[in-house]
Number of protein chains: 2
Amino acid sequence: MNIYKKAYLPLGFTANGLYAGIKKSGKLDLALFYSSVPAFVSGMFTTNKIQAAPVIFDKACLKKEKRFQAVIVNSGNANCFTGEKGYRDAALTSSLASSALGLKGNSVLVASTGIIGRKMDVGKIKKALPQLVAGLCRSGIDKAKKAILTTDIVPKEITAKFKVSGKEVTICAVAKGAGMIAPNMATMLCFIFTDALITKRALDQALFKAVWHSFNCITVDGCMSTNDSIMLMANCSAGNSLIDINKNFASFQEALSRVCLELAKLLVRDAEGASKFITITVHGAPSFLKARQAAFGIANSNLFKTAVYGENPNYGRIIAGVGSSGIDVDEKHIKIKVSSLKKRDVTVKVWLNKGKTSATVYTSDLTPEYIRINAEYN
Amino acid sequence: MNIYKKAYLPLGFTANGLYAGIKKSGKLDLALFYSSVPAFVSGMFTTNKIQAAPVIFDKACLKKEKRFQAVIVNSGNANCFTGEKGYRDAALTSSLASSALGLKGNSVLVASTGIIGRKMDVGKIKKALPQLVAGLCRSGIDKAKKAILTTDIVPKEITAKFKVSGKEVTICAVAKGAGMIAPNMATMLCFIFTDALITKRALDQALFKAVWHSFNCITVDGCMSTNDSIMLMANCSAGNSLIDINKNFASFQEALSRVCLELAKLLVRDAEGASKFITITVHGAPSFLKARQAAFGIANSNLFKTAVYGENPNYGRIIAGVGSSGIDVDEKHIKIKVSSLKKRDVTVKVWLNKGKTSATVYTSDLTPEYIRINAEYN
């Protein structure tokens, strides 16, 4: 498997991004990802009880259909807490994009990110669609990956290429997300594209496993978004022999897991105001979920995160974080090891001695810059 | 009922505080609270799975005995994650204090606050005890209330005086806690003294109710401490007719609830780095716990807290906080009302329209000053 730190779209995919007038800043704010043939789509979404209109819309679409041809994404407005008009706006955005692409209705999924609680102006999207569609091309991913960003400093992108039955298969992914990142599903949008020939059930299973060990293991500020969406499109164009749960599956899973993990780490590295990248591994737990719970107990502790920012080896905050996570622990058997806090990359290892399972989560420190960004964002 | 924003010890109580050499800063770090006759003690403690040695020690004492005569408290060292030596140190501190006061063993409870993971030097406490005991007096509460502080800017103190069967009864309380404050039991130490003649079961019940609507409804940083302790001593010296669950109970409950609530609010007002005092009320929930859960979903959101700091009316973060709390909500029926963010006191009201119960929680904003304090604290 070869990994590239850049997005190279697989066979049959094109993309584009432009400025449609949604963001005040004048930065790119509308992206389109397109497959020339219908593609299976697997999706995972926020578990926040308040869900943005596009999330509700997409979940309904994915229940009815297995294949789609495009995803249209705007940044600058989350289209969340916008009531019935918000839902109609998401549906309208989808059908306008379908028309512009010359497709039947329900061929286009929708995602939004940005401010919560503001009504969308779909007119701006309608006006921009002809130009957006006309510019679709392989290299358009470079504009699209920028058009999905909000407070991110850099785009997040990655490509894996690997062989299945002698044929090259590509998985390419782009993501946004710099704050409001917490389990489950970091506050983020992530779009993954593959040309693999694969069954829908294998695609679903691979995505579920990959997300649980990547995006569901990162936290920036413990805040769960209303818009988290991850969509994996497989257009089956690579000419490989079919991947199914019990056939050619391992290499696909490995590549997808790697893509998701690298991208999740990139989200944390670009976290709002972050000056440190922190890897926390909890060993010796009775299950993966318990290990992850303990690790998040540390990762979501503001006191731990400020101590790392201050390069202040206050280990008590680690043990307090483990204890507050709610898992059963025995103080006498806990061991903690922390790398030097002087470096940008910090690792924390905790041994619970309560079982045989581990989990690793990734987080950033809490800095005055995080506060500056979020005090001003609106 | 008369409320005084100062600690006036009830009949039969004395206190003292001094510098024993535990804190590097040279500030007062050892306090003693004493009742001249054995007093019923009700206690509530942290629910963190990691508990400091004095918490474990006190819980064991309170299981065995109903009456105690003193509490000895040190600041500067939490005596937590200190293993079996830590427990022996807590027990030794108790027995040394008992001896110094001329009492039988097991008459003195212990509390500690400060850095986690450092061994205690009980020698310093032993050396300071004669002077600590010699200086016990009514006005010694003014030194004691300072000796329990860590990062607090000001002492927290309050007194309620009210009549039971024509006799004046006093409830007086002091507390510490400025960060690491979260449910359950704000990270804090709180000592409450009353001269009321009251049964142990009435004392327990009154404390439980008062704490659930005060200390368990505040949060500063969502971090739950290992040392949270609240102890209520009743020495029955006021000469009132007996208070029991079904007798003279209401006025005692009212006064105790008021004392706890005022003190809890003082903790939030003095929160580390806070520039705002935020009151969040959730109405229309199916139960108090659900209402509180929704309110804490907002109160513990770093994004909400930075928005308030920035006086940035980003209401989306309120709705995202409610949704991430995990309670069932219906977006269509939620209403939100926020007072002007320009003032020091900010109120947030949320109507869920899912039931008839309300809960109010109190929190502060998240500021660069919070980070500075906690990056440096060690």
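Only the coordinates and a few stated rules stand behind these numbers; no lab work does. All values reported here derive from a predicted model rather than from experimental measurement. With ideal geometry, Cβ positions are generated from the backbone for all residues, glycine too; neighbour counts draw on all protein chains shown.
Size of segment A:271-322 along its principal axes in angstrom, Cα-based, largest extent first?
33, 24, 14
Could you tell me the relative contact order of segment A:301-378? Use alpha-carbon pairs under 8 Å, at least six residues apart, and round to a whole percent.
Rounded, it is 32 percent for segment A:301-378.
Relative contact order of segment B:188-342: what whole-number percent is it, with Cα pairs under 8 angstrom and at least 6 residues apart?
Dividing the mean separation by the residue count of segment B:188-342 yields 23 percent.
Can you list residues whose amide H is under 5 Å from B:VAL346's amide H, if they're 5+ apart or on another chain and H is modeled 1.01 Å from N?
Excluding prolines and chain starts, which carry no amide H, the hits are B:PHE277, B:ILE278, B:THR279.
For chain A, what's the relative contact order in percent, using C-alpha pairs closer than 8 Å and at least 6 residues apart?
It rounds to 18 percent for chain A.
Whole percent per 10 Å bin, from 0 to the bin with the longest distance: what is P(r) over all C-alpha pairs of chain B?
5, 25, 32, 24, 12, 3, 0
With chain A rotated onto chain B, spot the residue of A whose Cβ lies nearest the axis and note the distance in whole Å.
Its Cβ sits closest to the axis: A:PRO368, 2.
Could you tell me what a quarter of the Cα convex hull surface of segment A:4-112 works out to, in nm² with one decimal place?
Computed as one quarter of the Cα hull surface, the answer is 8.0 nm².
Give me the angle, in degrees from 0 to 90, between the Cα long axis of helix B:53-64 and the longest principal axis of the Cα atoms of chain B, rounded to the nearest 10.
Long axis of B:53-64 versus the principal axis of chain B: about 70 degrees.
Which of B:LYS85/B:LYS126; A:LYS66/A:LYS247; A:LYS145/B:LYS342; B:LYS124/B:LYS145; A:LYS23/A:LYS126; B:LYS59/B:LYS126 have a Cα-Cα distance over 26 Å?
A:LYS145/B:LYS342
Going by a ≥ b ≥ c, the root eigenvalues of the Cα gyration tensor, does segment B:191-262 fall in the rounded group (a/c under 1.5), the prolate group (a/b larger than b/c) or the oblate group?
Since a/c reaches 1.5 and a/b is larger than b/c, the shape of segment B:191-262 is classed as prolate.
Based on alpha-carbon centroids, what's the gap between segment B:332-368 and segment A:307-378 in Å, whole number please?
So the two Cα centres are separated by 30 Å.
With n ≥ 4 as the cut-off for DSSP H runs, can you work out [θ] at 222 nm for chain A, using -39500 (n - 2.57) per run divided by the number of residues, rounded to the nearest 500?
Mean residue ellipticity at 222 nm (helix-derived): -10000 deg cm²/dmol.
Quick check: Cα centre of segment A:1-39 to Cα centre of segment A:142-178, how many Å?
9
Could you give the alpha-carbon Rg of segment B:309-360 over 2.2 N^0.38 Å, rounded to two decimals?
It is 1.21.
Could you give me the ³J(HN,Hα) list for segment B:142-153, computed from phi with Karplus coefficients 6.51, -1.76, 1.60 and θ = phi - 60°, whole Hz, x at Gly and Pro?
Per residue, the Karplus-derived 3J(HN,Hα) values read 5, 7, 4, 5, 7, 6, 8, 7, 10, 8, 4, 7 Hz.
What percent antiparallel are the DSSP beta bridges of chain B, to the nearest 5?
70
Taking 0.36 nm per intervening residue step and subtracting the Cα-Cα distance, what contour gain separates B:SER340 from B:SER139 on full extension?
68.2 nm
Restricting everything to alpha-carbon atoms, can you work out Rg to Rh for the protein assembly as shown with a Kirkwood hydrodynamic radius?
Checking Rg against Rh, the ratio lands at 1.05.
Taking every residue in B:44-52, how many Cβ atoms of other protein chains lie within 10 Å of its Cβ, on average?
5
Kindly express, to the nearest 10 degrees and within the range 0 to 90, the angle between helix A:249-269's C-alpha long axis and the longest C-alpha principal axis of chain A.
With both axes taken from Cα atoms, the answer is about 70 degrees.
Quick one: of the DSSP bridges fully inside segment B:272-354, what percent are antiparallel, nearest 5?
Taking every DSSP beta bridge within segment B:272-354, about 35 percent pair in antiparallel fashion.
Starting from the Kirkwood Rh over alpha-carbon pairs, what translational D in µm² s⁻¹ does segment B:226-294 have by Stokes-Einstein at 25 °C and 0.890 mPa s?
This corresponds to a translational diffusion coefficient of 157 µm²/s.
When the Karplus curve 6.51 cos²θ - 1.76 cosθ + 1.60 is applied with θ = phi - 60°, which whole-Hz ³J(HN,Hα) does each residue of segment B:201-218 get, with x for Gly and Pro?
Karplus values, whole Hz, x for Gly and Pro: 5, 5, 4, 4, 5, 5, 5, 4, 5, 4, 5, 5, 9, 9, 4, 7, 10, 10.
Stick to Cα atoms and the Kirkwood definition of Rh, then tell me Rg/Rh for segment B:255-378.
That ratio equals 0.99.
What is the Cα centroid distance between segment A:231-249 and segment A:66-131, reported in whole angstrom?
So the separation of the two Cα centres works out to 28 Å.
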